[in-house]
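Contents: one structure, followed by commentary.
What follows is calculated from the coordinates using simple rules that are stated; it is not laboratory data. In this text the structure is predicted, and so the values were computed from the model without any measurement. For neighbour counting, all protein chains shown are included, and Cβ atoms are generated from backbone atoms with ideal geometry for every residue, glycine included.
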Protein chains: 2
Amino acid sequence: MEMNEHETFMAEAIRLATENVTNGGGPFGAVIVRNGEIVATGVNRVTPSYDPTAHAEVVAIRNACQKLQTFKLTDCDIYASCEPCPMCLSAIYWAGLRHIYYGGTQQDAADIDFDDHFIYQQIPLQPSERSIPATNIMRQQAQQPFDAWRNKEDKTPY
Amino acid sequence: MEMNEHETFMAEAIRLATENVTNGGGPFGAVIVRNGEIVATGVNRVTPSYDPTAHAEVVAIRNACQKLQTFKLTDCDIYASCEPCPMCLSAIYWAGLRHIYYGGTQQDAADIDFDDHFIYQQIPLQPSERSIPATNIMRQQAQQPFDAWRNKEDKTPY
C-alpha cells in the first residue's frame, strides 16, 4: 500500500510509540510537521523521567519550539499516535498548532488503562465541584504580579 | 497581620510571580508543599524559554517530581498565584496533587489578556466541534504500541 503524506507521518508517530515501549516509556508518540517535513518528535517519558507532564505531544511541542526558537507553532501540524489528553490538547491550543491527526482513540487508551476520560470530565466543572479541592485565597494580594505586568513596558505578550 | 501557613505559601507564590515579571517571564508563580515545607517552585517561562508548556504550575510539578524522584505528588499541595489553566489543571490531575490553593482568578488573568477561558470552552467539545480541526486516521495500525504495552511484562503502569 502506498501511503499518502499524512499516513507517512502517522506511521512514524506509531513507530516511535512502539519503540518507546521497548525503551521503558509509555505507548505514545507524536510528530510535529511543518511544510511537509518533520520538525520534532516526542514520546511518553513519564515514568522513566519522573515527569508527569512528559506526554508525547508535550515533549514534541517543547522540542519543536526549541528547534524553531519560538513559543508558537501556528504553521505546524501534529500527528499523535493516540488522541491527546486534556493536558496535551491544552498545550496544543497554547502552541497554536494548526491541525491534529490522531491514531488511537480515548477508548483505545482506556482499554489499556490509560484513562484520561475522568480528567476530560473534571475540567469543565466549577472548581468547587471537582475531585481535587480548590480554595481561593489572597485574591487581592495576587494582583501585585498582574500590576507589575501592566506597568512593564518591554514585555513579551503571548 | 500574622499569616497562617496557607497565606505564607501563597505569599511566596505571589512574590515569585512578581519577581518573574522583572526577570522577563509571565506574571505567574507556583509553590508545591509537602508536610508543611516547600518542595519546589515554578514560574512562567513561556517566552524567554521558548516553551509554551512552561507555565508556573507545570514547571513546579516538574521540579517537585525531579526533586522527589517520583511521577506522583499525592501527598503534596500546590499554591498558584493565579487559577490554573486547563493544561496546568490537567497536569495537576496527572500528578495527583491533593489540594489547589489559588490567588488570582481566571477573570483577573483575562483582564491582563491572559485568557484561558477559550481553552476551557474548547476542551469539553467533541473533536469535530473544536476550533483546531482533528482527524482520526490509521486507528487500526495505532493499536501496535498498545499491543506492545499489553505484552510487556516489566512495565511501569501509572
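In summary, the lysines within cross-link reach of B:K155, defined as a Cα separation below 18 angstrom excluding same-chain residues under 8 places away, comprise B:K72. Each copy carries a label point for A:I137 at 7 Å from Cα along the beta-carbon vector; from one copy to the others these points are 5.0 nm apart, nearest first.
Taking Lys and Arg as +1 and Asp and Glu as -1, the other residues whose beta-carbon sits under 12 Å from that of A:E12 total -3. Please check chain A for the longest run free of GluC sites (Glu not before Pro) that are loop-located per DSSP (anything but H, G, I, E, B) and have at most 15 other Cβ atoms within 10 Å. Longest gap between qualifying sites, sites excluded: A:3-152.
With K and R counted +1 and D and E -1, the other residues having a Cβ less than 13 Å from that of A:C88 yield a net charge of -2.
Shown for B:M3: label points 7 Å from Cα along the beta-carbon vector, and their distances to the equivalent points in the other copies, 5.4 nm in ascending order. The angle between the Cα long axis of helix B:5-22 and the longest principal axis of the Cα atoms of chain B comes to about 80 degrees, rounded to the nearest 10. Between A:Q66 and B:T105, the modelled labels are 3.9 nm apart [label points 7 Å from Cα along Cα→Cβ]. In chain A, the longest principal axis of the Cα atoms and the axis of helix A:56-68 are about 80 degrees apart. Between the listed residues B:G103, B:V46, B:Q143, the Cα displaced farthest toward the positive end of the dipole of segment B:42-151, a dipole computed from Cβ unit charges relative to the Cα centre, is found at B:Q143. Shape summary: chain A maps onto an equivalent ellipsoid whose semi-axes, from the alpha-carbon gyration tensor, are 31, 22, 14 Å in decreasing order. Suppose you put the label 7 Å out from Cα in the Cβ direction; list, shortest first and in nm with one decimal, how far B:G24 is from each other copy's label. Those separations, rounded to one decimal, come out as 3.4 nm. Normalised by the number of residues in chain B, the average gap of Cα pairs under 8 Å and 6 or more apart makes the relative contact order 15 percent. Kindly identify segment B:79-158 as rounded, prolate or oblate by the Cα gyration tensor criterion: order the square roots of the eigenvalues as a ≥ b ≥ c, call it rounded if a/c is under 1.5, otherwise compare a/b with b/c, prolate if a/b is larger, else oblate. Since a/c reaches 1.5 but b/c is at least a/b, the shape of segment B:79-158 is classed as oblate. Please report the spacing between the Cα centers of segment A:1-22 and segment A:127-158 in Å, no decimals. Spelled out, the Cα-based centre of one part sits 41 Å from the other. Against chain A, whose longest principal axis comes from its Cα atoms, helix A:86-95 is set at around 80 degrees.
Placing unit charges on the Cβ atoms only, positive for Lys and Arg and negative for Asp and Glu, gives the protein assembly as shown a dipole magnitude near 420 debye about its Cα centre. The distance separating the Cα centre of segment A:76-101 from that of segment B:88-124 comes to 18 Å. Result for chain A in a Gaussian network model with C-alpha springs under 10 Å: among A:Q143, A:Q126, A:Q66, the largest mean-square fluctuation is at A:Q143.
Shown here is the pair-distance distribution of the protein assembly as shown: with all Cα-Cα distances grouped in 10 Å bins from zero up to the longest one, the shares run 6, 28, 35, 22, 8, 1, 0, 0 percent.
Mean partner shielding of peptide A:43-56, defined as the number of other chain Cβ atoms within 10 Å of each residue Cβ, is 6. Backbone amide hydrogens, once placed in the peptide plane, bring A:Y102 within less than 5 Å of A:A80, B:T135, B:N136, B:I137, excluding anything fewer than 5 places away on its chain.
The modelled label-to-label distance for the pair A:N23/A:I137, using points 7 Å beyond Cα in the direction of Cβ, is 4.2 nm.
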